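The values are calculated or read from the model by the stated rules, or taken from the named source; none is laboratory data. Please read these numbers as outputs of a predicted model, since none were measured by experiment. Here the Cβ positions follow ideal geometry from the backbone for every residue, glycine too, while neighbour counts run over all protein chains shown.
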Amino acid sequence: MWGWLYLMLSIGFELAGSTCLKLSEGFTKKLPSILLFLFYGLCFYCLGLAVKTIDISVAYATWAGLGTTATVIIGIIKFKESVSLKTVLSIAMIVAGVVILELFA
């Protein structure tokens, strides 16, 4: 149970780090640049704790898939990035892959 909590925290910190990466504008903004290293550090710390009890294949696939999906959604909502049918289908395939992995892991 703790492994899954750490995995979700890791995904949350990864999202915060990715958002700060965008906000840093190529490391020209000081605060977002500092925060992105903090958030990515916490992200990998929590991911390391998660893989103590979750298989690395399941944990990493879940982390990458849900992180990518959420990052795309944040990009569309917060940064007004364009959305296309290709984007929606790609995200749907990522989510389907994570669900299938979880069902058969």
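A few points about this structure:
- In segment 27-62, residue nearest to Glu102 (Cα to Cα) [restricted to those that are at pLDDT below 95 and of a type outside the set (A, V, I, L, M)]: Thr62
- Index of the failed condition, Ser24 passing every other in (1) over 20 Å from Thr87 (Cβ atoms); (2) among the polar types (S, T, N, Q); (3) at pLDDT below 95: (3)
- Residues of segment 1-21 classified as farther than 17 Å from Leu66 by Cα and out of contact with any Leu (no Cβ under 9 Å at 6 or more places or on another chain), total: 1
For every residue, the table says whether it meets (1) in a loop (DSSP other than H, G, I, E, B); (2) aromatic (Phe, Trp, Tyr); (3) exposed (fewer than 14 other Cβ atoms within 10 Å of the Cβ); (4) in contact (Cβ under 8 Å) with a residue 60 or more places away in the chain.
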position	(1), (2), (3), (4)
Phe13	no, yes, no, no
Lys22	no, no, no, no
Leu31	no, no, yes, no
Ser57	no, no, yes, no
Ala64	no, no, no, no
Thr69	no, no, no, no
Val88	no, no, yes, no
